[in-house]
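Notes follow the structure.
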Amino acid sequence: MSSPLISVAELSSSLGQVTLLDVRYRLGGPPGREEYAAGHIPGAAYVDLDTELSSAPGVPVDERGRHPLPEPEVFVAAMRAAGASNDEPVVVYDDWQGRAAGRAWWLLRDYGHADVRVLDGGWSVWRASGGQVSTEISPRAPGDFSGTPGRLSVVDASNVSDVAVLIDARAPERYRGEVEPVDPVAGHIPGAVNVDTSRNLAQDGTFRSVTELREIYGDVGAVPGADVAAYCGSGVTATHDLLALAVAGVHAALYPAGWSGFVTSVR
């Protein structure tokens with residue numbers, strides 16, 4: 001694939017030829033399933049980020065972070081129930097400008113799916129462009145998706161500090177430690193640089209051009225061939241930076257536990 005993104009126009013002409021996953025989710029926002037029921041792209045199946053793209057966190061949160069990666073059997077079952085198969089393209093969208101869809105994109109690729117893309121601009125751009133909307137929720141034939149995790153690079157608490165270019169995807173004020181609305185400790189992993197997810201986006205909510213993204217990430221040393229990894233608070237929105245890096249042609253690892261997992265060792 002030339003890009004991990006798909007435009008509204010391209011998806012409009014491909015409906016019925018791809019497996020379409022609606023992963024609408026926002027921290028503190030409206031329930032995604034209710035939003036899906038109120039209207040979605042025709043043919044889309046809803047996938048829940050908290051229960052199908054994540055495991056339950058520890059209480060208190062442990063080294064796995066607030067959104068641990070899902071158990072393989074749970075994730076595979078969810079993808080099959082949504083109609084996903086190994087030999088059919090998958091398109092993922094959300095209403096968070098790709099911050100949740102990036103999680104599903106990353107997981108499917110980590111499990112070996114070869115053709116996964118994120119709808120550029122998501123639900124809001126689809127609606128603004130006059131895309132079709134459906135409230136029909138029809139039973140779907142299960143897919144034959146299979147796979148095991150491990151195709152993509154990850155780092156953990158033991159080696160995250162050794163990464164040459166470690167990118168913190170959170171808002172600048174959280175990176176600087178000025179505020180911390182979620183986790184018990186403020187600040188960032190020593191040596192990390194900040195490229196918050198909003199910098200990946202143009203004013204209309206779609207991703208910036210390849211040239212712009214290469215400049216943004218090149219400024220912090222994230223260039224093709226460099227040792228790069230990204231993290232966020234809990235491992236979800238860091239995949240937005242990984243998606244932007246993929247658009248720019250830069251391979252990067254994920255620190256799935258994020259800051260929420262990292263701080264368990266310093267509390």
Quick one: 3J(HN,Hα) in Hz for segment 233-249, Karplus 6.51/-1.76/1.60 with θ = phi - 60°, rounded, Gly and Pro as x.
x, 9, x, 8, 6, 4, 5, 5, 5, 5, 5, 4, 4, 5, 4, 7, x
Grab the Cα-Cα distance for Asp219 and Val182, subtract it from 0.36 nm times how many residues apart they are, and report the gain in nm with one decimal.
10.4 nm
Cα centroid separation, segment 15-58 to segment 209-267 (Å)
24 Å
Using 7 Å Cα-to-Cβ label points, what is the Thr51/Ser129 separation (nm, one decimal)?
3.1 nm
Counting only residues 5 or more places away or on other chains, whose amide H sits under 5 Å from the amide H of Leu201 once H atoms are built in the peptide plane?
Arg208
Asserting the computed 222 nm helical MRE of the chain (DSSP H runs at least 4 long, -39500 (n - 2.57) per run, divided by residue count, to nearest 500) equals -6500 deg cm²/dmol
List the residues, sorted by chain then number, that are 5 or more residues from Val118 or on another chain and whose placed amide H is less than 5 Å from its amide H.
Leu5, Ile6, Val92
Isotropically averaged projected area of segment 130-217, using the convex hull of Cα atoms (one quarter of hull area), nm²
11.0 nm²
Quick one: angle between helix 72-81 and the longest Cα principal axis of the chain, in degrees between 0 and 90, rounded to 10, please.
30 degrees
Given N residues in segment 5-128, what is its alpha carbon radius of gyration divided by 2.2 N^0.38 Å?
1.02
Reciprocal mean inverse distance between Cα atoms of segment 66-198 - Kirkwood radius, Å
17.4 Å
Can you list the HN-Hα couplings for segment 29-45, worked out from phi with the Karplus curve (6.51, -1.76, 1.60; θ = phi - 60°), rounded to whole Hz and with x for Gly and Pro?
x, x, x, x, 5, 5, 4, 4, 5, 6, x, 8, 5, x, x, 6, 10
When DSSP assigns beta bridges and you keep just the ones with both residues in the chain, what percent turn out antiparallel, to the nearest 5?
10 percent
Any idea how far apart Ser14 and Asp87 come out in nm if each label point goes 7 Å out from Cα toward Cβ?
1.9 nm
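Bear in mind these aren't lab numbers, they're just calculated from the coordinates by the rules spelled out. Every value quoted in this text rests on a predicted model; they were computed, and no experiment measured them. Heads up, the Cβs are rebuilt from the backbone with ideal geometry, glycines too, and the neighbour counts pull from every protein chain shown.
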